[in-house]
Structures are given as structure tokens and as C-alpha cells.
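What follows is one structure encoded as C-alpha cells, with my remarks underneath.
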Amino acid sequence: MKQKIVICGAGRVGMSITEHLSNEGFDITVIDASLDAIQKITELYDVRGVQGLASYPNVLDDAGIKDADYFIAVTQSDEVNMLACHIAKSLYNTPVMISRIRSKEYLDPKYSDFLLKNIGIKRIISPEEEVAFAIVDQWVTPGAFDVAKFVRKNVTMLGISCNKDCPILDTPLRNLIDIFPDLIVTIMAIIRGSKLIVPRGGDDILIAGDRVYLACPSTQIDRTLIAFGHAEKAAEKVTISGAGPIGIRVAQEIHKLSPETNLTILEVNKERARYAAEKLEYATIISGDSLDPAIIKEARLGQGETYIAATNKDEVNILSSLLAKRSGASHTVALINLPVFIPLFNSLDLEGIVSPPMLTASSILEEVRSGQVEHVHSIIEEFGEVISFEALKSSSIIGKPLKNIKLPKDVSLGAIVKEDNTILTPRGHTVIEAGDKVVMFVPVKSLKKVEELLSVNMDFF
């Protein structure tokens, strides 16, 4: 019998969650106050739509909340999300509830504990916190445009751009072992223009302009980046555009990790600039527009410095990143909310991208699939996900060489981690054992097939 999920909110996050889960065989109903949003999401995906305010009991009732296994509240309103969860738990005893909450006032541990225990929310998703950590990861790893940690942070997924001076261009991937014998690296996916290439057999080569997703031990991040022609170091001077919750949190985390780092904050709103000056006494605050060349000049951006565009406007983040580059910044990281802007960003030779909707969706997907999947990271281009899972004793992938396992052709393994944290590079003769942790790239359309591989064998009973 299909598990039933009710999703409140058909915005960017709700749309992304729906896209992923509708391909996995769930029975999904989406609630939104906008009729246009409901019509759009039901036209795109095989889901049922209900128009109305998610915190109204009759609307939840119409959505079939009494039979729901999961309730996911991702509307734009924290209050609607919390009230909807409270009603779902109080009236219908919904088993699992996940809510997005943005306001820091609700996220104070004194109150968030109450929300979890008394309202019954299983997991609170805080976009600002997750986005801030993702930005800091990119500052620490300037040679990568995307970074994610797996299996107790022992394995790192890196998204790396292959520039024209990349030393391994035009080299068959099977030869990487000979060139770097001590390097444990597996390329899981190659994005070439708008095309996805999943390496098979080791004959694929890299060309200038490729964007690769690979898995490596976290202890070998620097060596891996150097092998791909990236020797950049974390900048000692960082300029952040935007003194909103994300910008301030990023500044705090950078200062915590590296108190000697020189921090400058640009903020066009004078009230927010004053607040940032009170909150971040160790940072230089400049009140002005980050699209004004005079303000960028005042920030004194130079070679080897990082510019972080963290305003709530994609267009401002893209244009100010370009302006920062022209002024001398070596590395940029920008918040991009709308997927339509991501290909444009890539074509402009800018580096890091952080997508708040995709990070939020990944956290929610991780919770829904928590039976086996431990961590989910949707890749920037939305071609698929990098996931980690524990190989169960009952799974059909246990005890046989990888070459004998019928994985979908567009699926690739990145790393296998043993119980003693030994990391193996997947090869045809490698055997997965029960208890191993596996890191894998999976396109959205193949998730169902992968889940079937991970499920219980009939022989197990």
C-alpha cells in the first residue's frame, strides 16, 4: 500500500519535494492557498491538489490528513506551518510531521524544544542555518562550487569545474589511478553543458568546461582539488553582501572558525546596517548598495578575497558577484533561489552557488526516507541526488561483486565506508557487506529502482 504524504505549500520548496517524491510512488496531496499554484503543480506531477489555508481543519480534512503517514509544512508562514502541524497532531494524530521554521525567535532552544515535544513536530527545518553552513563550507573550500559531507563527515562530495588548465583533461578516467595512485577519488557524474554523463568503464574523458561531481575522503579534499587544478586557499578577507539573517549568521560562523579573518558587510538598508554593526563588532559595516561600483571600491576587494552575495534577490546576487569579480575578488559564492538563474550563473564563470530551496528540500527528503537513506544532497543542476545509505543484511546488493549487481545505467557509486571508517573506491570486484555505508549518485527518475535494490529480498524470510 502506498504511503500517503500531505504537503502544505506549493512554492519552490514544495514543488521540489513533490517532484522528487512523486517519482518514488508516494500518494501525495498538496495544499496551497493559491489556485494558480495548485493548478501548476497538479499539471506537472501526478498528485492531488487542494486549495485553501493549510491551518484550517476542513482544508486538512479535504486533503485526507486522517490517513497521512507524513505531514510536511513548507508554506511561507511559520505560524501557518506550526498551527497546521498542531491541528494535524491534535485532531488526527498524524505520525510524522516536518515543518520549515525561519524566525530565529521560534528557533531558540527554549522554545524549539516545546514545539518538538508539545506540537509533535519530528523535525524543524531552519533554512537560514543550513544555508549559512553551506556558504561557510564553500568559503573553506574555494576550489569547489558545491560541497556536501556524508557518513559521519568521512566522505566529501565535491562539485569541481574543469578549467582549461586542469591537468587531467583528455585523460581516460581509468588512468587517474596510475597518475594519482594514493588518491581515493571517484567521479560520480559529469555535467557537460545541459547533458548528464555518468562514467562507465573508465573510458570517459574530461574536457574544459565540464562540471564534475566526485566523492573523496574528507582527509584528501586539498589533494583532490589540486589534482583537478584548484589550489585555492580559504580567503583571509571576506566581504558579505546582505546583513539579513543569513549574512549575519555566515559572518558569525566565519569569525568562530577563523577570528583573524577580515570581515566586511555591505547592506543597503540603514536599519539593518546599524543592527549588524551592533551584532558584529568585529566586522566592518558599509551602508550602501552592493551594485554601486563606489561601494564595491570602498570594500577594497582584491586578489585572493572571497565575495559572498547573500541578499534575498537573485538578480542582485548575480550582478554584484560579477562586479566583485571585476574589482578583483578571486572567489564568489551567491545565493540563488530560482533554478532558472543557475545555468546563467554557470555561464558567467562565477564559482559557488547555494540554493536555499534545494537545501531545504534535501533535508526534508532525508527525513522522509530515513528508513535507509541517511543523507540527501540535491546537486545544483537538479539532475539528481547524492545520497548515503546503510547496506542492510536483507538487501539484494549484499555479498556479490559490484559488476554482478544490475544498477541502473545512470546510477554511480562514489564510496563505500566500512564500520572501521576505511573508505573503498568502488570497483567491479568490490563486494558490499552488511553494515557498510554507501555513497551514491542517483538521478531522480532512477530513485524508485534504487529503492527496490535496497529493499528486503524475498529470500530473507
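Evaluate the following for L447: is it assigned to a loop (DSSP other than H, G, I, E, B), in contact (Cβ under 8 Å) with a residue 60 or more places away in the chain, among the hydrophobic types (A, V, I, L, M, F, W, C) and farther than 29 Å from L183 by Cβ?
Numbers: assigned to a loop (DSSP other than H, G, I, E, B): no; in contact (Cβ under 8 Å) with a residue 60 or more places away in the chain: yes; among the hydrophobic types (A, V, I, L, M, F, W, C): yes; farther than 29 Å from L183 by Cβ: yes.
Here the answer is no, as L447 does not meet what is asked.
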In the set L169, L116, L107, L158, which member is at pLDDT below 95 and touching a helix residue (DSSP H, G or I) at 6+ places or on another chain (Cβ under 9 Å)? L107
Residue check, D436 modelled with pLDDT of 90 or more, farther than 18 Å from Y213 by Cβ and buried (at least 16 other Cβ atoms within 10 Å of the Cβ): yes
Could you list, in sequence order, all residues of the range 194-223 that are assigned to a strand (DSSP E or B), in contact (Cβ under 8 Å) with a residue 12 or more places away in the chain and not small (G, A, S)? L196, R211, V212, Y213, L214, C216, P217
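Mind listing just one residue for me: the one in the range 316-352 that is part of a helix (DSSP H, G or I), aliphatic (A, V, I, L, M) and more than 21 Å from the chain's Cα centre (by Cα) and, of those, nearest to G304 (Cα to Cα)? Working first, answer last.
Step one: filter the range 316-352 for residues part of a helix (DSSP H, G or I), giving 316-326, 339-347.
With the extra rule that they be aliphatic (A, V, I, L, M), the set shrinks to 316, 318-319, 322-324, 340, 342, 344.
Subset that is more than 21 Å from the chain's Cα centre (by Cα): 316, 319, 322-324.
On the way: V316: 22, L319: 20, L322: 15, L323: 15, A324: 12 Å.
Per the stated criteria, the residue is A324.
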Quick one: in the range 48-86, which of the residues that are open to solvent by 20 Å² or more (accessible area, probe 1.4 Å) and β-branched (V, I, T) is farthest from H20 (Cα to Cα)? V80
Quick count over the range 168-193, residues being assigned to a loop (DSSP other than H, G, I, E, B) and out of contact with any strand residue (DSSP E or B) (no Cβ under 9 Å at 6 or more places or on another chain), is 9
Quick one: would you say A234 is among the small types (G, A, S), open to solvent by 10 Å² or more (accessible area, probe 1.4 Å), at negative phi and not in a strand (DSSP E or B)? yes
Output the residues belonging to the range 250-264 that are surrounded by fewer than 20 Cβ atoms within 10 Å (Cβ to Cβ), in contact (Cβ under 8 Å) with a residue 24 or more places away in the chain and either of a type in the set (K, R) or not in a strand (DSSP E or B) (or both). Q252, E253, H255, L257, S258, E260, T261
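Rundown of residues vs (1) closer than 27 Å to V340 by Cα; (2) assigned to a helix (DSSP H, G or I); (3) over 21 Å from the mean Cα position of the chain (by Cα), yes/no style:
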| residue | (1), (2), (3) |
| --- | --- |
| T29 | yes, no, yes |
| I38 | yes, yes, yes |
| S55 | no, no, yes |
| K66 | no, yes, yes |
| E79 | no, yes, yes |
| A84 | no, yes, yes |
Could you check the range 398-429 and list, in sequence order, the residues that are assigned to a loop (DSSP other than H, G, I, E, B), closer than 25 Å to L196 by Cα and either open to solvent by less than 40 Å² (accessible area, probe 1.4 Å) or of a type in the set (G, A, S) (or both)? I405, P408, D410, V411, T425, P426, G428
Go over the candidates E385, E381 one by one and state the one that is part of a loop (DSSP other than H, G, I, E, B) and within 21 Å of the chain's Cα centre (by Cα). E381
From the list L392, L344, L350, L338, which residue is of a type outside the set (S, T, Y), touching a strand residue (DSSP E or B) at 6+ places or on another chain (Cβ under 8 Å), open to solvent by 50 Å² or more (accessible area, probe 1.4 Å) and modelled with pLDDT under 90? L392
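Any residue in the range 145-167 that is of a type in the set (A, V, I, L, M), part of a loop (DSSP other than H, G, I, E, B), open to solvent by less than 30 Å² (accessible area, probe 1.4 Å) and closer than 13 Å to V212 by Cβ? Can you show your working first?
Of the residues in the range 145-167, the ones of a type in the set (A, V, I, L, M) are 147-148, 151, 155, 157-158, 160.
Keeping just the survivors that are part of a loop (DSSP other than H, G, I, E, B) gives 151.
If we keep only those that are open to solvent by less than 30 Å² (accessible area, probe 1.4 Å) too, we end up with 151.
Applying the additional criterion that residues be closer than 13 Å to V212 by Cβ yields none.
There is no residue in the range 145-167 that is of a type in the set (A, V, I, L, M), part of a loop (DSSP other than H, G, I, E, B), open to solvent by less than 30 Å² (accessible area, probe 1.4 Å) and closer than 13 Å to V212 by Cβ.
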Among residues belonging to the range 87-123 that are within 24 Å of the chain's Cα centre (by Cα) and among the polar types (S, T, N, Q), point out the one that is least open to solvent (accessible area, probe 1.4 Å). S99
Out of A243, A215, sole residue that is within 21 Å of the chain's Cα centre (by Cα), among the aliphatic types (A, V, I, L, M) and at pLDDT 95 or above: A215
For the structure I just gave you, tell me whether A283 is under 16 Å from G247 (Cβ atoms), among the hydrophobic types (A, V, I, L, M, F, W, C) and in contact with a helix residue (DSSP H, G or I) (Cβ under 6 Å, 6 or more places away or on another chain). yes
Please tell me if T18 is part of a loop (DSSP other than H, G, I, E, B) and at negative phi. no
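Determine which member of the set V96, V140, V147, V136 is of a type outside the set (F, W, Y) and closer than 30 Å to Q3 by Cα. Please lay out each step first, then the result.
Numbers: V140 fails: closer than 30 Å to Q3 by Cα; V147 fails: closer than 30 Å to Q3 by Cα; V136 fails: closer than 30 Å to Q3 by Cα.
Answer to the selection: V96.
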Flag if E267 is over 23 Å from the mean Cα position of the chain (by Cα) and open to solvent by 30 Å² or more (accessible area, probe 1.4 Å): no
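The values are calculated or read from the model by the stated rules, or taken from the named source; none is laboratory data. Because the structure is predicted, anything quoted here is derived from the model rather than measured. FYI the Cβ positions are ideal-geometry reconstructions off the backbone, even for glycines, and counts take in every protein chain you see. Ligands, DNA and RNA are excluded from the accessible area calculation, which covers all protein heavy atoms including side chains. Shrake-Rupley method; radii C 1.70, N 1.55, O 1.52, S 1.80 Å.
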